[in-house]
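Undergrad: Pasting a structure below so you can have a look.
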Amino acid sequence: MKKVGIIGGTGPESTVDYYKSIISKFQEKIGSKEDLPELFINSINMYKMFNLLMNGQTKELIHYLTDAVQKLESVGVDFVVFTGNTPHIVFEQVQEKVQVPMISIVEETYLKAQELSLEKVGLIGTKFTMENDFFKKPFIFHNIEIVIPNQSEQEYIHRKIIEELENGIGNNETKRGFLNIIEQMTDRDGIQAIILGCTELPMLIKNEDLNIHSLNTAEIHINKIVDTIFMDKTH
């Protein structure tokens, strides 16, 4: 079995979800409650990451995340993942600086959209995820149109993620606000699916809440992580 290195803390709630979900899916796959995967978690400071992004300190962010991955590399993990979408802004730059392979939440989400034969999708997440191109690139490259909310909607989503979801607060009024934005995007932009581009969003938004496909980036990522644990170490 491969050992998993997890860069957590981006945010804490999703880190807990990753930990519990990886164990649950691992045990389901192996068919036993009496076995566990080997996981190593390096929980970093989400607010430091946000501050570096807000100040345009990209090089410092790359260094910060590279150092975090190298700590896991030093204990002998077989692969590393970020438990958030936002750090994937510099995923490629970090991967270039480390030896250990990493699994991208963006790439796995794109592959899921392709599997569903989607042509136009919406994306919600932190302002860093919505404003930057890192999540959109593989979709645009493969001719899948990707749409983000308007400016005021983006500001509302980002504020609620930072103030509430990242602190484990699930508010029904916020849920209604998010679902209203997704409905607006469906009517206005004709999206066929919504990418939940923040790993805390599934706290509020469930598949049954929507009339379109929901691409739960955390779930997609976790499924790939568990599959990779079971891969032969030569792969």
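The values are calculated or read from the model by the stated rules, or taken from the named source; none is laboratory data. Predicted model only: the values in this text are computed from it and were never measured. Here the Cβ is made from the backbone with ideal geometry for all residues, glycine too, and neighbour counts use every protein chain on show. Side chains included, ligands, DNA and RNA excluded: accessible areas come from the protein's heavy atoms. Shrake-Rupley method; radii C 1.70, N 1.55, O 1.52, S 1.80 Å.
Undergrad: Among all residue pairs at least 6 apart or on different chains, which show Cβ distances below 6 Å where the first residue, located in segment 168-195, is within 20 Å of Thr217 (Cβ to Cβ) and the second is small (Gly, Ala, Ser) and at pLDDT 95 or above?
TA: As it stands, the answer is Met185/Gly122; Ile191/Gly122; Ile194/Gly122; Ile194/Ser214, since those pairs meet every condition given.
Undergrad: Looking at Gln93 and the list (1) assigned to a helix (DSSP H, G or I); (2) within 16 Å of the chain's Cα centre (by Cα); (3) modelled with pLDDT of 95 or more; (4) not basic (Lys, Arg), which single condition is not satisfied?
TA: Here Gln93 meets the rest and fails (2).
Undergrad: Now for a separate question. Of the numbered conditions (1) outside any helix (DSSP H, G or I); (2) under 24 Å from Thr83 (Cα atoms); (3) free of Cβ contacts under 8 Å to residues at least 60 places away in the same chain, Asn211 satisfies every one except a single condition; which is it?
TA: The number of the failed condition is (2).
Undergrad: Here's something else I'd like to know. Identify, by number, the condition in (1) touching a Gly at 6+ places or on another chain (Cβ under 6 Å); (2) of a type in the set (Ser, Thr, Tyr); (3) over 24 Å from Thr15 (Cα atoms) that Thr199 doesn't meet.
TA: Here Thr199 meets the rest and fails (3).
Undergrad: Right, something else. Could you check how many residues of segment 1-21 are under 17 Å from Pro101 (Cβ atoms), of a type in the set (A, V, I, L, M, F, W, C) and outside any loop (DSSP other than H, G, I, E, B)? Spell out the reasoning first.
TA: Residues of segment 1-21 under 17 Å from Pro101 (Cβ atoms): 1-7.
With of a type in the set (A, V, I, L, M, F, W, C) added as a condition, the list becomes 1, 4, 6-7.
From what is left, the residues that are outside any loop (DSSP other than H, G, I, E, B) are 4, 6-7.
So the count comes out to 3.
Undergrad: Also, I was wondering about something else. Enumerate the pairs (first residue in segment 13-28 and touching a residue at least 12 places away in the same chain (Cβ under 8 Å); second residue anywhere and of a type in the set (Asp, Glu) and buried (at least 18 other Cβ atoms within 10 Å of the Cβ)) with beta-carbon separation below 6 Å, excluding pairs fewer than 6 apart on the same chain, so at least 6 apart or on different chains.
TA: Close Cβ pairs satisfying both conditions: Glu13/Glu200; Ser14/Glu200.
Undergrad: Looking only at segment 204-226, count every residue that is open to solvent by 70 Å² or more (accessible area, probe 1.4 Å) and touching a helix residue (DSSP H, G or I) at 6+ places or on another chain (Cβ under 9 Å) and tell me the total.
TA: Start the filter on segment 204-226 by keeping residues that are open to solvent by 70 Å² or more (accessible area, probe 1.4 Å), which leaves 206-208, 211, 213, 219.
Remaining after also requiring touching a helix residue (DSSP H, G or I) at 6+ places or on another chain (Cβ under 9 Å): 211, 213, 219.
So the answer is 3.
Undergrad: Further question: Cβ-Cβ distance below 8 Å, separation of 6 or more or different chains: which pairs start in segment 126-155 with a residue that is farther than 22 Å from Gly177 by Cβ and end on one that is open to solvent by less than 90 Å² (accessible area, probe 1.4 Å) and among the hydroxyl-bearing types (Ser, Thr, Tyr)?
TA: Here the result reads Pro138/Tyr110; Phe139/Tyr110; His142/Tyr110; Ile144/Tyr110, each pair linking segment 126-155 to a residue that is open to solvent by less than 90 Å² (accessible area, probe 1.4 Å) and among the hydroxyl-bearing types (Ser, Thr, Tyr).
Undergrad: Right, something else. Specify which of the listed residues (Thr129, Thr228, Thr186, Thr174) is under 16 Å from the mean Cα position of the chain (by Cα) and hydroxyl-bearing (Ser, Thr, Tyr). Full working, then the answer.
TA: Values: Thr228 fails: under 16 Å from the mean Cα position of the chain (by Cα); Thr186 fails: under 16 Å from the mean Cα position of the chain (by Cα); Thr174 fails: under 16 Å from the mean Cα position of the chain (by Cα).
Result of the check over Thr129, Thr228, Thr186, Thr174: Thr129.
Undergrad: Within the bounds of segment 24-38, is there any residue that is closer than 26 Å to Phe134 by Cα and assigned to a helix (DSSP H, G or I)? So that I can check it myself, show each step before the final result.
TA: First, pick out the residues of segment 24-38 that are closer than 26 Å to Phe134 by Cα: none.
Checking segment 24-38: not a single residue is closer than 26 Å to Phe134 by Cα and assigned to a helix (DSSP H, G or I).
Undergrad: If only one of Glu60, Glu13, Glu28 is open to solvent by 60 Å² or more (accessible area, probe 1.4 Å) and at pLDDT below 95, which one is it? So that I can check it myself, show each step before the final result.
TA: Details: Glu60 fails: at pLDDT below 95; Glu28 fails: at pLDDT below 95.
Going through Glu60, Glu13, Glu28 in turn, the sole match is Glu13.
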